[in-house]
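FYI, it's all coordinate maths here, none of it is from the lab. Values in this document were obtained by computation on a predicted structure and should not be read as measured data. Ideal geometry is used to build each Cβ from the backbone, glycine not excepted, and the neighbour counts take in all protein chains shown.
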Amino acid sequence: MTPKHSRRQFLKNTAKGTFSLMAMSAVPLSLTACNDLENINTSAMANLGPLEELKTGPFPKKVDYVVTIEDGWITQERSGFVFIQLEEKNNEMMIMSPICTHLGCTASFAKEEQIKNGVTFFCPCHGGQYDEFGNNIGGPPPRPLDLFQPFIKDGNVYIPVLSPTERNV
């Protein structure tokens, strides 16, 4: 065997191994996507309440939560809130994190004079402004408010409070 042939064979085997590993790592992700929502463990998720109550207005609205999170040997209780908006065209709930995407301060409902200018949520730390759907419309925030993926179990809406989904618009 010539050195050129053994190098080529080495590269082929390395490529095959790499692609095999990539394919094997995608299998658990695809299986997770097929799981029945009833089988999702909601113990580390915040229960926002019954879906039917959350879908009643007025919108946007603030919903408080308390959740007990067990991480290894540490158990902690967290409380917080989210903003819920109902998208009228498809009747879906948007569950928005109140954490400003600028530097992580907490946004709240805007004051009346700000609302007249189209601002719904306001971060007082550096003047971040968001509309009713959490889109950044003024100040330094680089992107819209993050969203939580809701999970429905036994008629209640749960969210994974430790892992919001980043939106880029």
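Counting other Cβ atoms within 10 Å, which trypsin sites (Lys or Arg not before Pro) in region 47-143 have at most 11 and lie in a DSSP loop? Spell out each step's value before the answer.
Working: sites: K55, K61, K62, R78, K89, K111, K116; in loops: K55, K89, K111, K116.
Those that pass, being in a loop and sparsely packed, are K89, K111, K116.
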* Asked: If you project the alpha carbons of region 40-159 onto the principal axes, what extent comes out on each, in Å, largest first?
  -> 43, 35, 21
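Please give the charge dipole size of region 129-169, origin at the Cα centre, charges +1 on K and R Cβ atoms and -1 on D and E Cβ atoms. Round to the nearest 20 debye.
Working: 3 positive and 5 negative charges, 20 e Å.
Here region 129-169 has a charge dipole of around 100 debye.
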* How high is the FRET efficiency from I115 to E87, r the C-beta distance, R0 25 Å, rounded to 0.05? -> 0.80
